[in-house]
Amino acid sequence: MAANRWLRVAAGVLVAGSLSLTAALPAAGAQLLEATPAAAAIQPAVTYPTARLLVVGDIARSGGAQSRTAAVIKARSPWRVMTLGDNAYNSGSSSEFAKYYAPSYGQFKPITWPLPGNHEYNTSGAAGYKKYFGITGTTWWWHRAGAWIVIGLDSERVGSSAQLTFLKDVLARNNGKPTIVAWHRPRYSLGEHGDQRDTDRLWSAIKNDRDVRIVLWGHDHNYERMAVPIAGRTSRIQAFVVGTGGAELRPMRSKGSRTWSWKRVTRTYGVLELQLRQTNWTWAFRRTDGTIADSGTSRV
């Protein structure tokens, strides 16, 4: 009886910071005791690595600067590359992907999360885009990036009820996780194309979800960072337009009353780098000349 009491005490000693049980060796023939439910319930803290995403849209064309922006990406040793649409001009055909996109960006294909733009649909059904990236299902997706969730949507299919259902379902399933949502044509932009009001169906589905921290867009050939105010929400959504991958650059309009357009960069090619952590995230818009045009840190 005394020996059994000694075994029960010794086997309940926990090694700090682990689930292992430590005890002196029992006498010959004695049974080893199982961990108690309390000990089994102790779980180590989950630690997520930093996820480094390199993000850019409006990329490859004849005589474009895609090799220069690809060099920026390669130098940063990305974990993932995200393209924001209009990957190969002018129509996203298989031949344009082969001639303009693959020679510079093909090296990142195994780690690329792509999105289609309006130019991809100049080829019926975005067939060239789908063939190049091996897409056989929908053109929208979601992935994990460390502690974060990243959702990619198709702005040329804003009327798709299936896409909207997918978006709402992913947001609900990942409640409490910081989230990035991306599509090609921006809901808000001071670039040449301006606000794409038909994408409000997507914007309305995410703007009041407090997990959505970042929204990424392309389409306008410039860089813009906005802190979009949301009625009834104390925190703002950080939105970026990054259409600076290699296609011809374009001017921007004055911000006028849009005081929440915080940074605008024209006449320069570059790539947005995001480093996603559990408690904070950083951004840096890296020009092809090696300088940084915009950078900062925000809490999750």
Within segment 272-296, track down each residue that is within 23 Å of ALA147 (Cβ to Cβ), surrounded by fewer than 19 Cβ atoms within 10 Å (Cβ to Cβ) and of a type in the set (A, V, I, L, M). ALA284
Does any residue in segment 56-71 that is in contact (Cβ under 8 Å) with a residue 60 or more places away in the chain and acidic (Asp, Glu) come within less than 6 Å, Cβ to Cβ, of a residue that is assigned to a loop (DSSP other than H, G, I, E, B) and buried (at least 21 other Cβ atoms within 10 Å of the Cβ) six or more places away or on a different chain, and which pairs are these? ASP58/ASP86; ASP58/GLY218; ASP58/HIS221; ASP58/GLY243; ASP58/GLY245; ASP58/ALA247
Considering residues of segment 199-243 that are closer than 23 Å to SER254 by Cβ and among the charged types (D, E, K, R) only, the residue surrounded by the most Cβ atoms within 10 Å (Cβ to Cβ): GLU224
Just to be sure, is ARG299 surrounded by fewer than 14 Cβ atoms within 10 Å (Cβ to Cβ), at pLDDT 95 or above, of a type in the set (D, E, K, R) and within 19 Å of the chain's Cα centre (by Cα)? yes
Pairs with Cβ under 9 Å, 6+ apart, first in segment 73-99 and within 20 Å of ILE180 (Cα to Cα), second modelled with pLDDT under 95: TRP79/PRO49
Exactly one of GLY134, GLY128, GLY152 is small (Gly, Ala, Ser) and in contact with a helix residue (DSSP H, G or I) (Cβ under 7 Å, 6 or more places away or on another chain), and that residue is GLY128
Among the residues of segment 106-119, write down those that are closer than 12 Å to PHE133 by Cα and either part of a helix (DSSP H, G or I) or over 23 Å from the mean Cα position of the chain (by Cα) (or both). GLY106, PHE108, LYS109, PRO110, ILE111
When you look at THR266, is it modelled with pLDDT of 95 or more, farther than 25 Å from ARG144 by Cβ and hydroxyl-bearing (Ser, Thr, Tyr), yes or no? yes
So HIS193, is it over 17 Å from the mean Cα position of the chain (by Cα), touching a residue at least 12 places away in the same chain (Cβ under 8 Å) and either closer than 24 Å to GLY256 by Cβ or buried (at least 21 other Cβ atoms within 10 Å of the Cβ) (or both): yes
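Conditions (1) acidic (Asp, Glu); (2) surrounded by 15 or more Cβ atoms within 10 Å (Cβ to Cβ); (3) farther than 21 Å from LEU274 by Cβ, marked per residue:
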site: TYR105; (1), (2), (3): no, yes, no
site: LYS109; (1), (2), (3): no, no, no
site: THR112; (1), (2), (3): no, yes, no
site: ASN122; (1), (2), (3): no, yes, yes
site: ALA126; (1), (2), (3): no, yes, yes
site: LYS130; (1), (2), (3): no, yes, yes
site: GLY152; (1), (2), (3): no, yes, no
Only one of HIS143, HIS184 is touching a strand residue (DSSP E or B) at 6+ places or on another chain (Cβ under 8 Å) and buried (at least 16 other Cβ atoms within 10 Å of the Cβ); which? HIS184
Checking the condition modelled with pLDDT under 95 and of a type in the set (A, V, I, L, M, F, W, C), which residue from ALA231, ALA227 passes? ALA231
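The values are calculated or read from the model by the stated rules, or taken from the named source; none is laboratory data. Worth saying up front: this structure is predicted, and the values here are computed from it rather than measured. All Cβ positions, even for glycine, are placed from backbone atoms using ideal geometry, and neighbour counts span all protein chains on display.
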